[in-house]
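Some notes on the structure that comes next.
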Amino acid sequence: MRRNGMCPLCYLKKLFSRPSDVTDVFYDKKYENGAALTPPMGWSSWNTFRNQIDDKLLLETAQAMKDTGLVDAGYEYINLDDCWHSSMRDENGLLQGDLTRFPAGIPDLVEKLNALGLKVGIYSSNGTFTCEDLPASLRHEKTDAYTFAKWGVEYFKYDFCHNKKISKYAPLVFSISLAPAGGRDILTVGCEDALLFGTAKLMPDKRLPGGMYISGLDGASGKAVFKNVIVPKAGRYVLTINILKKGLYEKFLIAHINGESYCRFEVPSQKPFNLSARYQAFVDLKEGGNTISLFNPVRTRADSAMVQYQYMGQALKEASARVAQEQGRAEKPIVFSICEWGINKPWKWGASAGNLWRTTMDIRPWWKWMKMIYERNVKLYKYSQKGNWNDPDMLEVGNGKLTPQQNRSHFALWCMMCSPLILGNDLRKMKKEVLDIITNKKLIAIDQDELGVPAKRVKKGGADVLARPLSGGRWAVCFFNKSGAKEVSYPLEKLQADGYVKLAPAPSYAYEEVWSGKSGSVSGKLSAHVDKNDCKVFILTPQN
Ligand code: GLA
C-alpha cells in the first residue's frame, strides 16, 4: 500500500525524521526581551491567598514590601495570580478585573502599585479558561497581550489549564492569494509553483482550478515554499490560503514570511458541503520577491505547547513595543513566565519562547514536597541561562509548618539553582526570622549573580553538595543536609576537577558562610557541622 505516493517504509522514514529545512525557524531561537537577565524577584498572591484577592490586599502587600525592606533587597514585582479577573470579558471582548473586588479596575491598581515602586505582574492561561475556570487567553493572545501592555503590566505568568492541543494535521492547500490590505486579490499562485520538501507532495483533483493540491504538510514533516512572490510595494497584505475541504479532523498551518514573521491558520473539522475554503491572515511583505513557506510544525504534544507559548511570547513583545510607541515612552518589557508544570519538557524549548518555565507541578508548603521539587529541578541545571531560567515554582518560605531550618534550606537551594525568587507568604504579618531569610543579602547576590550559572549537584546523599561559579572569580558551595545533624565535608580538589564548576586551583581559599557570616581560610577540604534539614552556604575566593 502506498501513502502519499511513497513506499510505506519511505513514508514512515520521512514522517519520523524532522527535516531541519521544514521547521528550522521554530527551534534554537533564544527569547530575548531585555528582561529577567537575572532571575526575577517579587511576590505572588497565589501560595497564600489563592482565589481570595482584592485591590486592598495588593496595596497592603505592596506597602509591606516597601516597609519591610523587601523592595530594597531587590524584590520588584507584585504579581496577581489567578482570580484577579471577572468571569465576563467586557463589551469589547477584553479581560477585566473582578468587578467587585477590583472596582476601580486593574489599570488604577497598576498605577498605585507603580507609585509604591513596584512593577506589576498578571496571570492567564494558555487555554480556554484558567485553572480556576475564568476566561483565558488561548486564541485571544494578541488582544490580551495588548490589554496587559496597555495596563503597564511587566510580568506575565501563562498557565496551562484548559489547553487545547494543536492538531498535527495540515490542510490541503491548492493555491495562495494576496491582496493589499483593504483591497482585492492582486495575485494567486497555484500549488504547482511551490517547492516541496519532506513529505509534501502534489496530488491530483480534477475539480480544483489547477487540478492539484498539496498534501503531506503534516507533523513537521513537509513544507511548501512559494518563492519570489512579487508584490508592487512593501506593506500589509491579506494572505488567503485556498484549501480543499477534506477530513473530519482539525488542522493547523503556519505561513512563514521571508524567514521572519509568521501567521497561523486553525482549520476546524470540515464538512464538505463545498469543495474549498478560504483562510486569511494579515502579513507584512516587502517590495518585490517574497518567500512564503507553509508547514505544520507540530508533531507531538510538546511541539504544540512550544508553538503556543512562542506565539504568546511574540504577542507580548509586539504589544509592549506597540504601547511604548503609542504612549511615547520607553518600552516596558514583559517578563514571560511559562507555567505548564514541566509536563512537556519545557527546559528543552522554553528558552525559545519565554524568560522562565516551570519545571514541576505546583509547590506546597510541605517539606517532602519541597524536596521532591528540588530533586527534579536540580538535575536541569544545564538548561538555565541568562534571560531564560528554570522555575521550580514560587517560594513557600514562611508558609505552612516549615521549620526555620527547612525555610533556610528552601531559600538557599532556590538561590543556588538561579531560581526566580517569587515570595508566596503573607508579607503583612511575617516573623522576623522569615524576613531575615528572604532578605539575606549574600544569598540574594548568589541568586542574582551576573554570570547566571546555576549550581550543579556534585554529591548526592544524606547531605547533598551543590557548587557553582560566581562572578569576580568566586564560587558558591552549599551543603544541604537531608538527614540527621552531622559533619559534612567535601574535598576542594574535586571541585577543581569538575568540568562544570571549575574551581580555580589555589593553595587556600578565603570563605564566608552566608547564614552565620563566619569567615576564614580553608584548604584541602571544606567542612561544616550542618543540622538536620539545614544548610550551609560558603562563598569561596582563591588565595595565593
Ligand atoms: C496552576 C499553577 C499555579 C497557580 C494556579 C492558579 O495550578 O501552576 O501556580 O497559578 O494554577 O489557578
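When the chain is fully extended, how far beyond the present Cα-Cα distance does Lys164 get from Ala281, taking 0.36 nm per residue of separation? The partial results should precede the final answer.
Values: separation 117, 0.36 × 117 = 42.12 nm, distance 2.11 nm.
Full extension from Lys164 to Ala281 adds 40.0 nm.
What lysines does Lys286 reach when the alpha-carbon gap must be under 16 Å and sequence neighbours fewer than 8 apart in one chain are set aside?
Lys227, Lys233
Please report the accessible area of Thr403 (heavy atoms, 1.4 Å probe, ligands and nucleic acids excluded) in Å², nearest 10.
Thr403 has an accessible surface of roughly 50 Å² with all protein chains in place.
List the relative contact order of the range 456-543 as a percent without decimals, with contacts defined as Cα pairs under 8 Å and 6+ residues apart. Could the numbers behind the result be given before it?
Details: 197 pairs, mean separation 30.2, N = 88.
Taking the mean separation of contacting Cα pairs over the length of the range 456-543, I get 34 percent.
Between Phe252 and residues 5 or more places away or on another chain, which pairs have amide H atoms under 5 Å apart, with H built 1.01 Å from N, and which residues are they?
Amide H neighbours of Phe252: Tyr169, Ala170, Val267.
In the range 330-425, if the dipole is taken from +1 on Lys/Arg beta carbons and -1 on Asp/Glu beta carbons about the Cα centre, which of Trp341, Asn355, Tyr383 is farthest to the positive end?
Towards the positive end, the residue furthest out is Tyr383.
Cross-link partners among aspartates and glutamates for Lys379, C-alpha distance below 13 Å, same-chain residues fewer than 8 apart left out?
Excluding near neighbours in sequence, the set is Asp391, Asp464.
Over the Cα atoms of the range 210-326, each weighted equally, I'd like the Debye log10 I(q)/I(0) at q = 0.12, 0.18, 0.22 Å⁻¹, rounded to two decimals.
-0.52, -1.10, -1.41
At R0 = 22 Å, how high is the FRET efficiency between Ala510 and Ser471 if r is their beta carbon distance? Nearest 0.05 is fine.
Details: r = 16 Å, r/R0 = 0.73.
Using R0 = 22 Å, I get an efficiency of 0.85.
At 1.4 Å probe size, with the rest of the protein present, what percent of the exposed accessible area of the chain is carbon and sulfur atoms? Write down the numbers at each step before the final one.
Working: 11930 of 22870 Å².
Looking at the chain in its full context, I get 52 percent from C and S.
So what are the ³J(HN,Hα) numbers for the range 303-311, from phi and the Karplus equation (6.51, -1.76, 1.60; θ = phi - 60°), rounded to whole Hz, Gly and Pro as x?
Working through the residues one at a time gives 4, 4, 4, 4, 4, 5, 5, 4, 5 Hz.
Determine the gain in length on full extension of the stretch Glu111-Thr541; use 0.36 nm per residue of separation and subtract their C-alpha separation, reporting nm with one decimal.
Details: separation 430, 0.36 × 430 = 154.80 nm, distance 4.41 nm.
Full-extension gain reported as 150.4 nm.
How far apart, in nm, are two points set 7 Å out from the Cα along the Cα-to-Cβ line at Asp531 and at Asp362?
For Asp531 paired with Asp362, the spin-label model returns 3.1 nm.
What is the count of Lys pairs in the range 83-176 whose alpha carbons sit under 28 Å apart, if the two are 8 or more places apart or on different chains?
14
Evaluate 2.2 N^0.38 Å with N set to the residue count of the chain, then give the Cα radius of gyration divided by it. Write out the running numbers ahead of the final one.
Details: Rg = 26.7 Å, N = 544, 2.2 N^0.38 = 24.1 Å.
The chain yields a ratio of 1.11.
Excluding Gly97 itself, calculate the net charge of residues whose Cβ lies under 12 Å from the Cβ of Gly97, where each Lys or Arg counts +1 and each Asp or Glu counts -1. Before the final figure, lay out the partial values.
Numbers: positive: Arg89, Arg101; negative: Asp54, Asp55, Asp90, Asp98, Asp108.
Local charge sum for Gly97: -3.
Per the Cauchy relation, a quarter of the hull surface: what is the mean projected area of the convex hull of the alpha carbons in the range 41-198, in nm²?
Values: hull surface 55.6 nm².
Average of the hull's projected areas for the range 41-198 equals 13.9 nm².
In the structure displayed, which of Lys251/Lys371; Lys442/Lys502; Lys432/Lys502 lie more than 32 Å apart, Cα to Cα?
Details: Lys251/Lys371 42 Å; Lys442/Lys502 21 Å; Lys432/Lys502 37 Å.
With Cα atoms farther than 32 Å apart: Lys251/Lys371; Lys432/Lys502.
Quick check for you: with a 1.4 Å probe and neighbouring chains kept, what is the accessible area per residue of the range 76-183, in Å²? Write out the running numbers ahead of the final one.
Values: 3930 Å² over 108 residues.
Here the residues of the range 76-183 average 36 Å² of exposed surface.
For Lys29, which lysines qualify as cross-link partners when the Cα separation must be under 16 Å and same-chain residues fewer than eight apart are set aside?
Partners found: Lys317, Lys348, Lys386.
Tell me, what is the 1.4 Å probe accessible area of Cys7, in Å² to the nearest 10?
40
Would you mind checking which residues have amide H under 5 Å from Val458's amide H? H placed 1.01 Å from N; only 5 or more apart, or other chain.
Correct list: Val465, Leu466, Ala467.
Helix-derived [θ] at 222 nm for the chain: sum -39500 (n - 2.57) over DSSP H runs of at least 4, divide by residue count, nearest 500?
Numbers: 13 runs with 127 residues, N = 544.
Calculated at 222 nm, the ellipticity per residue is -7000 deg cm²/dmol.
Please list 246-256, 511-521, 208-218, 385-395 highest first by mean number of surrounding beta-carbon atoms within 10 Å per residue. Write out the running numbers ahead of the final one.
On the way: 246-256: 18.9, 511-521: 13.8, 208-218: 20.7, 385-395: 24.0.
Highest mean packing first, the order is 385-395, 208-218, 246-256, 511-521.
Share of Cα-Cα pairs in the range 456-543 beyond 22 Å, in percent? Before the final figure, lay out each step's value.
Details: 686 of 3828 pairs.
So the portion of pairs separated by more than 22 Å is 18 percent.
Using Cα-Cα distances under 8 Å and only pairs 6 or more residues apart, what relative contact order does the chain have, in percent? Write out the running numbers ahead of the final one.
Values: 1280 pairs, mean separation 71.1, N = 544.
Once divided by the residue count of the chain, the mean separation gives 13 percent.
The values are calculated or read from the model by the stated rules, or taken from the named source; none is laboratory data. Being a predicted model, the structure only gives us computed values, none of them experimental. Positions of Cβ are generated from backbone atoms using ideal geometry, with glycine treated the same way; all protein chains shown enter the neighbour counts. Protein only, heavy atoms only, side chains kept; ligands, DNA and RNA dropped before computing areas. Shrake-Rupley method; radii C 1.70, N 1.55, O 1.52, S 1.80 Å.
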